[in-house]
Each structure stands twice: as C-alpha cells, then as structure tokens.
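Let me give you the structure first, and then I'll get to my questions.
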Amino acid sequence: MDSNIIMNVGFSLPIGLGMAVIGSGLGLGRAVAGAMEAMGRQPEAAGQIQTAMIIGCALIEALTIYALVISLLLIGKV
Amino acid sequence: MEPQVNPRPEFFLVASNPHGEEAETHSGAPEAAHTTEGGVTEGHPGEGHEGGEHHAACVHHPESPEFKDFVTLILDKKVTDVKDCYLSPTWGTRLTFYVFYGLAIVFLILLTKKVTRNMKRIPDRSQGFGELMVGGLQGFFISILGEKYGRRYTPLCGTIFLYILTMNLMGLIPAFKAPTSSINTTASLAIMVFFIVQWHGIRENGFGNYVKHFVGEPLWLAPLLFPLHIIGELAKPMSLALRLFGNISGEDILMASLAALVGVTIGFIKLSIPFQALFFPLALMFSTIQATVFAVLTAVYILLISPHERHDEGHAAEAGH
C-alpha cells in the first residue's frame, strides 16, 4: 500500500478505537450505575435487574466491538 | 531495551505475518530461528513441511497471531494443494471450518440423545438435567415474549442459545477453535434470525399491517420513515452477527497474542508467564453472555414485530430492553 495511506491509517486507527472505547466506557458506567441504584431500592428484584443490566451492557459493548472489528481487518495492512 | 525475537518458535501458534508480506518457505527444523519482516516471530507451523514453493503459497499466515487447532496441526503435514486454502482471513482451510462446526452439532445431538433416552415420569440424572435446561429456558423466554409466543419460539431461541454457547466454549478447549470466531457462522445465524422475524411479522400482522409498521404514524412522513425503518430492520441482523463475531474472535486473538509473548526476551528478562491464563475467566464470562444476548435479542426482535396489543403478559419485557 501507499506509504502515505499506511501512515494515515496507522495514526488514526488507534485514535478511533480509543474514542469508541471512551463512549462505551461512559455509557456502560451510566447503565451499571442505574442498575446498582435500582438494586439498592428494591433488593428482591435484584436478579431481574441484573439480567437486564447484562443484556444492556452487551448491547452497548457491541458498538465498541464494531470499531474493534474494523481494526482487526486493517491490522495487517498498516 | 527492545524485545528481541523469540529464538524458540512456539509450536502452538500459527506463523503470522504482522506486516502482510509474502511468507518465505520455512525450513523443517523447529529449532531454527526465523524472523519475519520485522516483528516478533509468532511461531512456526510445527514439525515438518513438504517444502517447495507451492507449499509456501498454501500455508496460512494470518495478520494477527492465532492458535493452531488439531486440524491445522494435522494438515500442516499433509496439505500440498493450493486450491484448498484460504476461505477467510481467520480460518486456514475449509476443512478446519467444517470440522469444528460439525463437532458442535454432533456434540449437541449426542447430548440430546442421551438425555431423552428412556424418558421416565420421575426423571433420573441426565433427564433431570435436560428438564432443568429446557424448563429454565422456557420460563425465561416466556417472561420476554408472553405466553403464546413464548411457547412457540422457545425451541428456536433455546436452540440458538445452546448452540452458540457450545460453539463459543469450544474456543477455550486447548486444541480447538471456536466456529463463531468466523464471520460465516455468525452471519448465517443472523440471516436465519432475520428471515424468521420477518416471516413472523407477516404471519401475525398480515401483509398490509406489516407494511404499515414500516410506514409509521404520520402519513406525510412516510417517504422519510420508510427507508429509515428498513435500514433499522437490516441493521439488526448485521449487529447480531458483528457483535458475536467481534467478541469471540477478539477474545481468540487476545489469548493468542498474550500466548505469543511467552519467550520474548527484554534485556535479560525472559517472559515465561502464560498471561492468557489471566483472561480465561473473562473469556468464559463473555462467551456465555454473548450466547445469552443473541438468544434474548432474537426474542426481543420477535416481540417488537408482533402485534402490539399485549398489556398484561409483555410488561416484563420492558425491563429486558
């Protein structure tokens, strides 16, 4: 590949991945915080809340995984 | 101090090409120190090659390090034909793909046969285990989908869950590779779920109502909302496939990258701790979670496209999504 493209991709790919991770971290923090608070208010519903929290976290994490997949595809081309 | 190349290539890793260059032919000696074009050597394909130029074209060199499974270990000694290689970046040969995919199916079929053999009214141990799983899964999906659709779609969602769980956990066994770490498996499952959800929508709503669901509420916004809803429907299987594929193949590459660090010498310190053992519980957790999420999302998509008049049985699903 052209060395210019390689340099651009090599520079921007980790930055893009880092930004995706920031968004995911903030989102997951809010989701888990909401779940913790709800569990504190009603401990007998803790099992259901935990299941819903795990599912919500997997959905939020999926967005970071999309960025990771793009990085995996370009990992050898840099 | 820079990490020097690994003088003893590891037998359990596929030789990788971190810079995507053409690989040279490897000699057969496992003790020889080889370097790729400038990175740490990730390892050699094991004991013996037939050698020759046509064999070098056939050896699989992924960009990121990955473990060898027993099929690749066997094939390294026997493959000489070029046209049997390279189905996809993460999978060496077509045969590897078929073997693990089939192993998961055969395992589940044998498990089912054992559980349902000589079913008695008071269950013994293996039948009890089967009843526990099926009862638990049915209760779970009925709580999401409601009584009628829950009973109808428990076989689908439960099978998806157990199948994906088996395939994911196969990736943690030493000489095996998870079939879900290839986009082929996850995409085919996601496409199947897509067609089932759309068929369910057409069957339950009638074709007119099904199209109206895409058009949306204010009729003058229809030209805007119609493509938006269609893209939303198409994005669902894509997200299902990519989520499962990214998680499992990422965990696979993580383990292999950490395992490739064994033997790297930094100055006078030689790393010999298998770091990938530290991530084993994480891999177990994420494999199970991803299987659950795929099955639950199938149920939720079926719920979303069903007719919207349930007020008493579906409210538990609001907590689910």
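The values are calculated or read from the model by the stated rules, or taken from the named source; none is laboratory data. On a predicted model such as this, the values are computed, not experimentally measured, just so you know. Cβ coordinates were reconstructed from backbone atoms using ideal geometry, including for glycine residues, and neighbour counts include every protein chain displayed.
For B:V197, which of the numbered conditions (1) farther than 22 Å from A:T51 by Cα; (2) touching a Leu at 6+ places or on another chain (Cβ under 8 Å) fails to hold?
Here B:V197 meets the rest and fails (2).
I'd like the residue in the range B:161-183 that is surrounded by fewer than 23 Cβ atoms within 10 Å (Cβ to Cβ) and β-branched (V, I, T) and, out of all such residues, is farthest from B:A235 (Cα to Cα).
Filtering first and then ranking leaves B:I173.
Could you tell me whether the range B:184-199 includes any residue that is surrounded by fewer than 21 Cβ atoms within 10 Å (Cβ to Cβ), under 30 Å from A:L72 (Cα atoms), among the hydrophobic types (A, V, I, L, M, F, W, C) and modelled with pLDDT under 90?
So far as the range B:184-199 goes, no, none of its residues is surrounded by fewer than 21 Cβ atoms within 10 Å (Cβ to Cβ), under 30 Å from A:L72 (Cα atoms), among the hydrophobic types (A, V, I, L, M, F, W, C) and modelled with pLDDT under 90.
Examine the range B:264-276 for a residue that is in contact with a Ser or Thr (Cβ under 8 Å, 6 or more places away or on another chain) and touching a residue at least 60 places away in the same chain (Cβ under 8 Å), and state whether such a residue exists. Walk me through it before giving the result.
Narrowing the range B:264-276 to residues in contact with a Ser or Thr (Cβ under 8 Å, 6 or more places away or on another chain): B:271.
When the remaining residues are screened for being touching a residue at least 60 places away in the same chain (Cβ under 8 Å), the result is none.
No, the range B:264-276 contains no residue that is in contact with a Ser or Thr (Cβ under 8 Å, 6 or more places away or on another chain) and touching a residue at least 60 places away in the same chain (Cβ under 8 Å).
Could you check B:V262 against (1) loosely packed, with under 14 Cβ neighbours inside 10 Å; (2) not in a helix (DSSP H, G or I) and say which number it fails?
Going through (1) loosely packed, with under 14 Cβ neighbours inside 10 Å; (2) not in a helix (DSSP H, G or I) one by one, B:V262 breaks only (1).
Quick check on this structure: which one of B:L242, B:L303 is touching a residue at least 24 places away in the same chain (Cβ under 8 Å) and farther than 19 Å from B:I183 by Cβ?
On the way: B:L242 fails: farther than 19 Å from B:I183 by Cβ.
Being touching a residue at least 24 places away in the same chain (Cβ under 8 Å) and farther than 19 Å from B:I183 by Cβ holds for just one of B:L242, B:L303, which is B:L303.
Of the residues that sit in the range B:116-140 and are closer than 16 Å to B:G158 by Cα and aliphatic (A, V, I, L, M), which one is surrounded by the fewest Cβ atoms within 10 Å (Cβ to Cβ)? Steps first, answer last, please.
Initially, the range B:116-140 is screened for residues closer than 16 Å to B:G158 by Cα, giving B:129-140.
Among the residues that remain, those that are also aliphatic (A, V, I, L, M) are: B:132-134, B:137.
On the way: B:L132: 11, B:M133: 15, B:V134: 15, B:L137: 18.
It comes out as B:L132.
Hey, could you check the range A:1-42 for residues that are among the hydroxyl-bearing types (S, T, Y) and out of contact with any Asp or Glu (no Cβ under 9 Å at 6 or more places or on another chain) and say which is surrounded by the fewest Cβ atoms within 10 Å (Cβ to Cβ)? Walk me through it before giving the result.
Taking the range A:1-42 and keeping what is among the hydroxyl-bearing types (S, T, Y), we get A:3, A:12, A:24.
Keeping just the survivors that are out of contact with any Asp or Glu (no Cβ under 9 Å at 6 or more places or on another chain) gives A:3, A:12.
Values: A:S3: 7, A:S12: 10.
Filtering first and then ranking leaves A:S3.
Also, I was wondering about something else. Pull up the range A:43-74, narrow it to residues that are at the interface with another protein chain (Cβ under 8 Å from one of its Cβ atoms) and more than 22 Å from A:G23 (Cα to Cα), then point me to the one that is surrounded by the most Cβ atoms within 10 Å (Cβ to Cβ).
A:I49
So, one more: Considering only the range B:281-304, state which residues are away from every other protein chain (no Cβ under 11 Å) and surrounded by fewer than 20 Cβ atoms within 10 Å (Cβ to Cβ).
First pass over the range B:281-304, keeping only residues away from every other protein chain (no Cβ under 11 Å): B:281-284, B:287, B:298, B:301-304.
Of everything in the range B:281-304, those that are away from every other protein chain (no Cβ under 11 Å) and surrounded by fewer than 20 Cβ atoms within 10 Å (Cβ to Cβ) turn out to be B:P281, B:L282, B:L284, B:L304.
Among B:S306, B:S272, which is the only one that is touching a Gly at 6+ places or on another chain (Cβ under 9 Å) and within 23 Å of B:T154 (Cβ to Cβ)? Before you say what the answer is, go through the steps one by one.
Details: B:S272 fails: within 23 Å of B:T154 (Cβ to Cβ).
Going through B:S306, B:S272 in turn, just one is touching a Gly at 6+ places or on another chain (Cβ under 9 Å) and within 23 Å of B:T154 (Cβ to Cβ): B:S306.
Of the residues B:L219, B:L244, which single one is over 30 Å from B:F67 (Cβ atoms) and either surrounded by fewer than 18 Cβ atoms within 10 Å (Cβ to Cβ) or at pLDDT 80 or above (or both)?
On the way: B:L244 fails: over 30 Å from B:F67 (Cβ atoms).
Within the list B:L219, B:L244, the selection yields B:L219.
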